[in-house]
Amino acid sequence: MAAGGGLPGLLPAQTQLEYALLDALTPQEKDNLVYQYLRKVDSWEQDLKVPDFGGDLEWLNTEGPISLYQDLCGKVVVLDFFTYCCINCIHLLPDLHALEHKYCDKDGLLVVGVHSAKFPNEKVLNNIKSAVLRYNITHPIVNDADATLWHELEVSCWPTLVILGPRGNMLFSLVGEGHKDQLFLFTSIALKFYKERGQITDNKIGIKLYKDSLPSSPLLFPGKVTVDNSGDRLVIADTGHHRILVVRKNGQILHTIGGPNSGRKDGRFSEAAFNSPQGVAIKNNIIYVADTENHLIRKIDLELEMVNTVAGIGIQGTDKEGGAKGEEQPISSPWDVIFGSSVSGTHEDDVLWIAMAGTHQVWALMLECGKLPKGSDLKKGTCLRFAGSGNEENRNNAYPHKAAFAQPSGLSLASEEPWNCIFVADSESSTVRTISLKDGAVKHLVGGERDPLNLFAFGDVDEAGINAKLQHPLGVTWDKKRKLLYVADSYNHKIKFVDPKMKNCATLAGTGEASNVVGSSLTQTTFNEPGGLCVEENGRLLYIADTNNHQIKVLDLETKIISMLPILCTEIFDVVDHPFIQNNKTANIPKLPKSAPNIQLPSLTVTPGQTLQFLLRLSLPANTKLTEEAPSSWFLTAEGNEWLLQGQNPSGEIEDISHQPLISLQLPSSCLSSEAVLSIKVCLYYCSKDSSACMMKGISFSQLLQIADTNQGSTAQ
């Protein structure tokens, strides 16, 4: 007979099993022990039942809501209680991917992610959608925003796996990451046990992947961005496309390295592969990359056009001290990288500092021989922990190894006096901290609270020091010119600035709402979980990786104008695919950015044979001009009603903003339907008159045409 409900009811029996497994010597013994355990648990008078998912919960990756006792009856179900900010939850995903690769719903297994949010921002379905895409999760996800099931089962930790039998009966639980062998052992024996009893069904579950419904875009979840010392080149971690882009400041692509699929390969640019890269640092023609989900640090040589690995072994490490040669040293989810200088070094930028999110530490990779603060001589290539005990805490301490971080995700360096420190965006404690480059002392700057174990002290408050509140900040960058630190306050969808002298923290841009608006002022402009940012050497432009909006935003710190960086990858735009239209009507046209507004024009009643004229009246921001090198253009589309454009001129250039084109369209004399939507799309490339920044803006107008029967042949504007 089972004990009380929830996970505590499983604990006595499963603890006994786990002790027995420790003593088992062969795989056969382990299989037998789990089989005997299942016989015992299955024969309890009363199953340890899991309550069904609430009928009003939101689902992703499915055709509709799923019921545990209707749809999943006859399946072994793995419930993954997770929250998308948590690095340990991210570390578990490859194990679940591998399990799903081995068994599918027809074999009787289904994984269901139960999203139980830590931060308020993570309760919002759209934000979970972004995470599902970012981490390529393909199993059903339920948004249990109020953590109802979490509380019912008495779950206490992210991540927790609960394995259910075919009657919704609890069989096992696994807490934390790193239990892949047990996960595979428990599920395989459970499938065997219940198949022998005829209780497993092979019906398919209606899976409909969210990622299949999305339009393509030049960037996908860009995590970080950096700018070289000249200010002429940007390096973008195009995280969702698993690639690194090197672009000019007008957005023209110079190099594409890796992508579009994830992988792990050194070599020439055309064959190199990354897996969800994040942090990037550039000096001259060398780029270092935090190749996050490969658990590697990669080096890109732009002159030789080669990629090689300088730290990590390609699988997640658990070592919290390091000290081996880079390519022999296992590391865990590096999230950001910056250059720094060793204490005794004769070279500048001879250290690569690494935000090691997976072990909650800050590490160093020695690019030359040298010493770290309070450390001994180190050989070139050594990779080791610099600060952080490895415990997930918000603990400040004069001794760097006794201090503790909680998923450090962004780094920036202020080498000049009186700062002489590394700034750290410590995401899970919602703080910004500093590490002294004199002695390694770790201190608090803003956010969080005094109890080092409280990782729930988040909010959105512009104040000083501990009274300021942030929500999961992922990026920081130091503005030497103004002596200010900019912070990507990611889950508040804001960019903030901190004066480290007074410890004041205030909002620079963003409303706190997750959306994509370029407003007339910085505080009317919106972001969606910005993950990284950088300021150019001369202090003029701040580049922001607006991650969930799939774009880089450019903030001019002098004029306070914000714009979007166009990524100039043009592709053949085939206006129509229809038998009676010749395909020479194609134009080389860039995609409109996702942020392009779509304006619905009032419905128009028209007749066959009539000529419509559309006059564009677009204006540019003050002190800007059209970019000569990048042709601005307009084009027409009529999705599903391509006959509208038969024999027409579907596109043209815009050469002068003061002489905008009149776009004419003559309706065919025989119309194939009584209504159609015509889209007039415009793409403008423009730059500030001093050419310090170039932007791309897109806009689309939708014109609903109601087509009357009679033929009039007049002109309407």
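The values are calculated or read from the model by the stated rules, or taken from the named source; none is laboratory data. Owing to the predicted nature of the structure, the values given are computational and were not obtained by experimental measurement. Every residue, glycine among them, receives a Cβ derived from its backbone with ideal geometry; neighbour counts consider all protein chains shown. These area figures cover heavy atoms from the full protein model, side chains too; ligands, DNA and RNA do not enter into them. Shrake-Rupley method; radii C 1.70, N 1.55, O 1.52, S 1.80 Å.
Observations
- Inter-part distance where region 421-494 and region 272-292 are each reduced to a Cα centre, Å: 24 Å
- Remark on region 453-550: ratio of C-alpha radius of gyration to 2.2 N^0.38 Å is 1.03.
- Size descriptor, Kirkwood hydrodynamic radius, that averages inverse alpha-carbon separations across region 347-481, Å: 14.8 Å
- Here the Debye sum runs over all C-alpha atoms of the chain as equal scatterers in vacuum, and log10 of I(q)/I(0) at q = 0.07, 0.09, 0.12 Å⁻¹ comes out as -0.56, -0.88, -1.30.
- Modelled FRET efficiency - R0 25 Å, Ala20 with Asp202, Cβ distances, 0.05 increments: 0.20
- Taking the Cα centre of the chain as origin and assigning +1 to Lys and Arg Cβ atoms and -1 to Asp and Glu Cβ atoms, the resulting dipole is close to 900 debye.
- Pairs beyond 20 Å (Cα-Cα), from Lys443/Lys483; Lys224/Lys249; Lys283/Lys496; Lys469/Lys494: Lys283/Lys496
- Figure legend: label point modelled 7 angstrom from the Cα of Asn229 along Cα→Cβ; residues of region 336-352 with amide N under 11 Å from it are 348-349.
- Straightening the chain between Glu321 and Ile599 buys 94.4 nm, computed as 0.36 nm per residue apart minus the Cα-Cα spacing.
- Distance from the C-alpha centroid of region 336-404 to that of region 231-271: 27 Å, rounded to the whole angstrom.
- Sorting the segments 494-503, 83-92 by their mean number of nearby beta carbons within 10 angstrom, highest to lowest, gives 83-92, 494-503.
- Dividing the Cα radius of gyration of region 194-336 by its Kirkwood radius returns 1.13 for Rg/Rh.
- Label point distance in nm, Glu348-Ile466, each placed 7 Å from Cα along Cα→Cβ: 4.0 nm
- Full-extension gain in nm, Asn126 to Gln660, via 0.36 nm per residue minus C-alpha separation: 188.4 nm
- 5 angstrom amide H check on Ala272, placed H, neighbours 5+ away: Gly258
- Overall dimensions of region 111-231, expressed as equivalent-ellipsoid semi-axes from the Cα gyration tensor (√(5λ), whole Å, largest first), are 34, 18, 16.
- Taking label points 7 Å from Cα along the Cα-to-Cβ direction, Tyr69 and Lys483 give a separation of 6.7 nm.
- Annotation: per residue accessible area for the chain equals 41 Å², rounded to a whole number [probe 1.4 Å, protein chains only].
- Sum of -39500 (n - 2.57) over DSSP H runs of 4+, divided by residues of the chain (222 nm, nearest 500): -3500 deg cm²/dmol
- Label-point gap, in nm, between Asn623 and Asn420 - each point 7 angstrom along Cα→Cβ: 3.8 nm
- Peptides 218-230, 421-433, 603-615 ordered by average Cβ neighbours within 10 Å, highest first: 421-433, 218-230, 603-615
- Using the average count of surrounding beta-carbon atoms within 10 Å as a protection proxy, the listed peptides 375-386, 105-116, 21-32, 347-358 rank, highest first, as 347-358, 105-116, 375-386, 21-32.
- Region 31-107, Cα convex hull volume normalised per residue, Å³: 155 Å³
- Region 178-226 and region 106-137 have Cα centres separated by 11 Å.
- For region 252-350, the Kirkwood estimate of the hydrodynamic radius, built from every pair of different alpha carbons, is 14.1 Å.
- Percent accessible area from carbon and sulfur atoms, region 45-177, protein chains only, probe 1.4 Å: 49 percent
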